[in-house]
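These notes are about the structure you will find just below.
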Amino acid sequence: MDWQENLRQLDARLAGGHMTRAEYVKERDQMLVRAAAPISGPPVLAPVTPQVAVVAETRPPPVERKPRKRRGIAVVAVLLVAALAGSTWWFTRDSGASNTAVASSGSTVPALPGAGQTENEMDVVRALDLKLLSPQEAGLLNDNGVNRFHFATSNDNTTSYALIVVDAGSKQEAAQISSGLTGQLRSAGFVDVSDGRFVLSGQDKAVLRVVYTSGDKVIRVGVAQGANPDMARLSQDLVDVLATVQAALPRG
């Protein structure tokens, strides 16, 4: 019989006149005290930590991976110089991009004209931080599984050169990325002239770019000059550097 039932019987005895009010209060209080007291039980044993057998992990032999889905983002990323108007001149001597090298690109890119050539392998996130890529270009590359790229720059007295090589993984994907990047150039204000060049020019700067595919790679070659650019000289510089690059990375 639990204490609630005992209390009901106590109430009935009081109501039937079988006990005084004082007796009722005394017995009720005693009953409630007993009900509130903790119930003793067997001692609780301290938890025992189970012994776990440690089995050495057997690693499977390394699996040769296909180069990509998130491939070398040679972010042909037309490094939009953010449309000339105070944009980032990633190809200039003081761009600072050379300080962000992840690994040397080695022979991935050919020698460029001028002096002080710097070759890096860069990821798209860092390229965005340095404003070497527009968000649209970075998005295009990411959408196509590219997250790293080979990047080279050099300078002569008046012209800055830049080369980007994207390992797209297949000819089909290279064509898709190339088409997307040229579309981004048009959106950024570059003019597509008849010989395949994209030109963005103004009084303070001028940039010329060419985007093409070489097998499963996307190539973007660019030249630029600062204030009062010499467009004839810049056009010839593009012809010269393009000849050098295409000798190592031919179209098609």
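The values are calculated or read from the model by the stated rules, or taken from the named source; none is laboratory data. From a predicted model like this one, the values you see are computed outputs, not experimental measurements. Cβ: placed from backbone, ideal geometry, glycine included. Neighbour counts: every protein chain shown.
Structure notes:
- Restricting R186, R126, R209, R197 to residues that are surrounded by 21 or more Cβ atoms within 10 Å (Cβ to Cβ) and basic (K, R) narrows the list to R209.
- Conditions (1) assigned to a strand (DSSP E or B); (2) closer than 18 Å to A174 by Cβ; number of the one not met by V245: (1)
So that you can scan it fast, the table gives a plain yes or no per residue for (1) at positive phi; (2) in contact (Cβ under 8 Å) with a residue 24 or more places away in the chain; (3) crowded, with 24+ Cβ neighbours inside 10 Å:
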| position | (1), (2), (3) |
| --- | --- |
| G139 | no, no, no |
| D143 | no, no, no |
| F149 | no, yes, yes |
| I164 | no, yes, yes |
| S170 | no, yes, no |
| Q176 | no, yes, no |
| S179 | no, no, no |
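- Residue match in the stretch 209-221 (condition: polar (S, T, N, Q) and more than 25 Å from N147 (Cα to Cα)): no
- Applying the criterion of being charged (D, E, K, R) and outside any strand (DSSP E or B) to the residues of the stretch 212-232, the residue that is farthest from V193 (Cα to Cα) is D216.
- Test for S235: is it out of contact with any strand residue (DSSP E or B) (no Cβ under 8 Å at 6 or more places or on another chain), of a type in the set (S, T, Y) and not in a strand (DSSP E or B): no
- Pick from the stretch 188-210, criterion in a loop (DSSP other than H, G, I, E, B) and of a type in the set (A, V, I, L, M, F, W, C), ranking: farthest from S134 (Cα to Cα): V193
One line per residue, one yes/no per condition, for (1) part of a loop (DSSP other than H, G, I, E, B); (2) closer than 21 Å to S178 by Cα; (3) out of contact with any strand residue (DSSP E or B) (no Cβ under 9 Å at 6 or more places or on another chain); (4) small (G, A, S):
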residue	(1), (2), (3), (4)
P110	yes, yes, no, no
E119	no, no, no, no
M122	no, yes, no, no
L132	yes, yes, no, no
Q136	no, yes, yes, no
G139	no, yes, yes, yes
N142	no, yes, yes, no
H150	no, yes, no, no
T153	no, yes, no, no
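- Only residues that are surrounded by 17 or more Cβ atoms within 10 Å (Cβ to Cβ) and either outside the structural domain of V241 (by TED's automatic domain parsing) or not aliphatic (A, V, I, L, M) (or both) were counted across the stretch 111-123, and they come to 7.
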